[in-house]
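**Q** I have a structure here, written as structure tokens, and I will follow up with some questions on it.
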Amino acid sequence: MERRKISFSPPDISELEIAEVAEAMRSGWITTGPRTKLLERRLAAYIDTGKTNVDCSSEDAINKYSNRVVCLNSATAAEELNLRILGIREGDEVIVPAYTYTATASAAVHCGATVKFVDIQKDGDSVTHMPEIDYDALESLINEKTKAVIVVDLGGIVCDYERLFDIVERKKDMFKALDGDGTPLNDLSSRIQKSIGRVAVVCDAAHALGASRVFDGKKRYVGDIADFTSFSFHAVKNFTTAEGGASTWKPIAGIDNSEIYKFYQLMSLHGQNKDAFAKTKLGAWEYDIIGPWYKCNMTDITAAIGLKQLDRYLGLLDRRMQMLRIYDEACDQLGISHLIHHTEEMDSSKHLYLIRIPGIGEAERNAIMQKMAAKGVATNVHFKPLPMMTAYGKDCSAYPNAYDYFHNLITLPLHTLMSDDDLKYVCEGLRECVEAVRRQSRCTVYA
Ligand SMILES: Cc1ncc(COP(=O)(O)O)c(C=O)c1O
């Protein structure tokens, strides 16, 4: 086959996104404003209905879908604000899978909490093969200091939240809610913790916009399952705003969504009680600073990209499903295990295609990736377990399943600019590289 160049995950940007960005730039308003607010409502409607074409400009829709989603400048900011609104702080413990990207853990570290890593199930979930948390190990880690469990819908595959909620309910008696101290944020966090009344279930859905799973007998979209959820709209994600992310939460008994939303706004804009848009109103210059907080708002320029991505998103997901079928067939023929993105009860966002090659070690895995690179195919590894990283102690011995999952793992390129011929080129290259490395390692063993 003639050599091709297959990038790992370039953004799929059409003329529609380009035109909308140009419109935003011509509009006279480029930072957080009407486009960001519209994107928030449209994302809320998508999470609620699975539809991307809900009219979110009518009065009814404004009432229904405002104050449900907060767009920010990254998933990391979204996750940190989720934890800060929840009142996570020094002295608290947060349980995080050993198998994830650093942001899942670092957001908890930023809040001053202690991160407790938990291993994944051996070879991942038995049906989807996703490197999913070991729920029994997680349960045994919960103690009186535990305030949140963060799980990751890795690759867009949705975790078993029914099991997770059962666990935190069972451990309810151990939970000690934060007491208020008369300051606005602390008092809100205290009311949230008291209302939830157990360890909070927090979802890192950086990969999972549009994924769904049956929960409580009903198909629910990610964002409407965990107590708090964060999404990433980074350039490599299925749905992008170049950099960006969003927070959402399930309604909390006794607390109005608008109050929670207001705090996300404050925390993402210096704690300032008026945003730049409100301050432009004639004579409305004066503002207060409620807390010395953060700066992580989304701009209308990036929201413009998101609005058009959302128009196209269901089509992009359909295309991803077709692409997966080509990879699935090739991997099944080669005896290579891969993620299963669709089951009777779960439909993923088809973000990543993780494969694991039986019978090889780390060195052979890296050799296959090198050979693929020589054929022009970019591959990746999602993820090197966090305990292997310098920042997290460089010792994975307590997380053998995470290491085992990682050691023979390769992530194949998957993006909507790839043609069927590109996919077949990757499959053919994979077959050749795996066979070559297997032949080579047999020679080394017998030499
Ligand atoms: C699992 C996971 N969580 C969080 C993030 C952070 O996303 P962002 O770059 O939008 O902060 C990433 C980024 O790739 C991720 O893979």
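The values are calculated or read from the model by the stated rules, or taken from the named source; none is laboratory data. Keep in mind that this is a model prediction, so the values were computed, not measured. Backbone-built Cβ (ideal geometry, glycine too); neighbour counts: all protein chains shown. Side chains included, ligands, DNA and RNA excluded: accessible areas come from the protein's heavy atoms. Shrake-Rupley method; radii C 1.70, N 1.55, O 1.52, S 1.80 Å.
**Q** Among Thr52, Met298, Ile192, whose Cα lies farthest out toward the positive end of the dipole of the chain, if unit charges sit on the beta carbon of Lys, Arg (+1) and Asp, Glu (-1)?
**A** Checking the options against the dipole of the chain, the answer is Met298.
**Q** Hey, another quick one. Explain nothing, just compute: Karplus ³J(HN,Hα) = 6.51 cos²θ - 1.76 cosθ + 1.60, θ = phi - 60°, for every residue of the range 100-108 in order, whole Hz, x for Gly and Pro.
**A** Working through the residues one at a time gives 6, 8, 4, 4, 4, 8, 5, 4, 5 Hz.
**Q** Mind checking the per residue accessible area of the range 71-112 for me, 1.4 Å probe, whole number of Å²?
**A** Values: 1040 Å² over 42 residues.
Heavy-atom accessible area per residue stands at 25 Å².
**Q** What is the extension gain from Arg438 to Lys424, computed as 0.36 nm multiplied by their sequence separation minus the C-alpha to C-alpha distance, in nm to one decimal?
**A** 2.9 nm
**Q** Against the longest principal axis of the chain, how steep is helix 362-374, in degrees 0 to 90 to the nearest 10, with axes from Cα atoms?
**A** 90
**Q** Which listed residue (Ala107, Val158, Ala137) has the Cα farthest towards the positive end of the charge dipole for the chain, taking +1 on Lys and Arg C-beta and -1 on Asp and Glu C-beta about the Cα centre?
**A** Ala107
**Q** Moving on. Just the number, please: carbon plus sulfur as a percent of the accessible area of the range 23-94, 1.4 Å probe, no ligands or DNA/RNA counted. Show your work: numbers first, answer last.
**A** Values: 1420 of 3030 Å².
With neighbouring chains kept in place, the figure for the range 23-94 is 47 percent.
**Q** Something else now. Multiply the residue separation of Ile289 and Lys5 by 0.36 nm, subtract the distance between their alpha-carbon atoms, and state the gained length in nm to one decimal. Let's see the in-between values first.
**A** Values: separation 284, 0.36 × 284 = 102.24 nm, distance 5.13 nm.
Fully extending the segment from Ile289 to Lys5 adds 97.1 nm.
**Q** A follow-up question, please. If contacts are Cα pairs under 8 angstrom and at least 6 residues apart, what is the relative contact order of the range 352-431 in percent?
**A** 44
**Q** Let me ask something else. Under unit Cβ charges (Lys, Arg +1; Asp, Glu -1), what dipole magnitude, rounded to 20 debye, does the range 263-347 have relative to its Cα centre?
**A** 580
**Q** Ok, one more. If you roll a 1.4 Å probe over the range 346-404 with all protein chains in place, what percent of the accessible area is carbon or sulfur?
**A** 52
**Q** If you stretched the chain out fully between Asn186 and Asn143, how much longer would it get, using 0.36 nm times the residue separation minus the C-alpha to C-alpha distance? Present the calculation step by step, with values, prior to reporting the outcome.
**A** Details: separation 43, 0.36 × 43 = 15.48 nm, distance 2.21 nm.
Computed gain between Asn186 and Asn143 is 13.3 nm.
**Q** Using 27 Å as the Cα-Cα cut-off, could you pick out the over-long pairs in Lys64/Lys262; Lys171/Lys350; Lys51/Lys194; Lys147/Lys295; Lys64/Lys145?
**A** Lys171/Lys350; Lys51/Lys194; Lys64/Lys145
**Q** Within the range 335-397, list the trypsin sites (Lys or Arg not before Pro) lying in a DSSP loop whose Cβ has at most 10 other Cβ atoms in a 10 Å radius.
**A** Those satisfying the criteria are Lys394.
**Q** Quickly estimate the mean residue ellipticity at 222 nm for the chain, helices only: each DSSP H run with n ≥ 4 gives -39500 (n - 2.57), and the total goes over all residues, rounded to 500.
**A** That calculation yields -13000 deg cm²/dmol at 222 nm.
**Q** Quick one: if you stick a label point 7 Å off each Cα along the C-beta vector at Val214 and Lys250, how many nm between them?
**A** The answer from the label model is 1.8 nm.
**Q** Using the basic label-point model (7 angstrom from Cα toward the beta carbon), what is the Val109 to Gln322 distance in nanometres?
**A** About 4.3 nm separates the two model spin labels.
**Q** Right, here's the next one. Where the only charges are on Cβ atoms (+1 Lys, Arg; -1 Asp, Glu), what is the dipole of the chain about its Cα centre, to the nearest 20 debye? Show your work: numbers first, answer last.
**A** Working: 53 positive and 62 negative charges, 137 e Å.
Dipole size: approximately 660 debye.
**Q** Using DSSP to define loop residues, name the GluC sites (Glu not before Pro) in the range 336-410 whose beta-carbon has at most 12 other beta-carbon atoms within 10 Å.
**A** Values: sites: Glu344, Glu345, Glu362, Glu364; in loops: Glu344, Glu345.
Sparse-neighbourhood loop GluC sites (Glu not before Pro): Glu344.
**Q** Dipole magnitude of the range 310-402 about its Cα centre, charges +1 at Lys/Arg Cβ and -1 at Asp/Glu Cβ only, in debye to the nearest 20?
**A** For the range 310-402, the charge dipole is close to 460 debye.
**Q** In angstroms, what radius of gyration and Dmax does the range 222-374 have, counting Cα atoms only?
**A** Over the range 222-374's Cα set, Rg and Dmax evaluate to 22.0, 71 Å.
**Q** Could you work out the per residue convex hull volume over the alpha carbons of the chain, in cubic angstrom?
**A** Taking only Cα atoms, the chain has a hull volume of 151 Å³ per residue.
**Q** Trypsin sites (Lys or Arg not before Pro), restricted to the range 1-103: which are DSSP loop and have at most 11 other Cβ atoms within 10 Å?
**A** Qualifying residues, ordered by number: Arg3, Lys5, Lys51.
**Q** Rounded, prolate or oblate for the range 327-447? Axes are the square roots of the Cα gyration tensor eigenvalues, ordered a ≥ b ≥ c, and the cut-off for rounded is a/c under 1.5.
**A** oblate
**Q** Using alpha carbons only, how many degrees (0 to 90, rounded to 10) separate the axis of helix 420-446 from the longest principal axis of the chain?
**A** Here the helix axis deviates by roughly 60 degrees.
**Q** In degrees, nearest 10, range 0 to 90: what is the angle between the Cα axis of helix 75-85 and the longest Cα principal axis of the chain?
**A** With rounding to tens, the tilt is 40 degrees.
**Q** How big is Rg to Rh over the range 79-185, alpha-carbon atoms, Rh as the Kirkwood inverse-mean-distance radius?
**A** Values: Rg = 14.2 Å, Rh = 14.5 Å.
With Rh from the inverse mean 1/r over Cα pairs, Rg/Rh is 0.98.
**Q** Whole angstrom only: what separates the Cα centroid of the range 232-277 from the Cα centroid of the range 164-223?
**A** Going from one Cα centre to the other spans 17 Å.
**Q** Tell me, what is the per residue accessible area of the range 362-403 in Å², probe radius 1.4 Å?
**A** Working: 2070 Å² over 42 residues.
Here the residues of the range 362-403 average 49 Å² of exposed surface.
**Q** Just the number please: accessible area per residue for the range 245-335, 1.4 Å probe, all protein chains included, in Å². The partial results should precede the final answer.
**A** On the way: 4300 Å² over 91 residues.
For the range 245-335, the per-residue accessible area is 47 Å².
**Q** With a 1.4 Å probe and all protein chains left in place, how much of the accessible area of the range 164-288 comes from carbon and sulfur atoms, in whole percent?
**A** 52
**Q** Pop the C-beta distance of Lys172 and Thr343 into the FRET formula with R0 = 22 Å and round what comes out to the nearest 0.05. Write out the running numbers ahead of the final one.
**A** Values: r = 30 Å, r/R0 = 1.35.
Here the calculated transfer efficiency is 0.15.
**Q** Order of 400-406, 203-209 by packing, highest average Cβ count within 10 Å first?
**A** 203-209, 400-406
**Q** Can you find, among Tyr392, Leu317, Ala378, the residue farthest towards the positive end of the dipole of the range 317-416? Put +1 on the C-beta of Lys and Arg, -1 on that of Asp and Glu.
**A** Ala378
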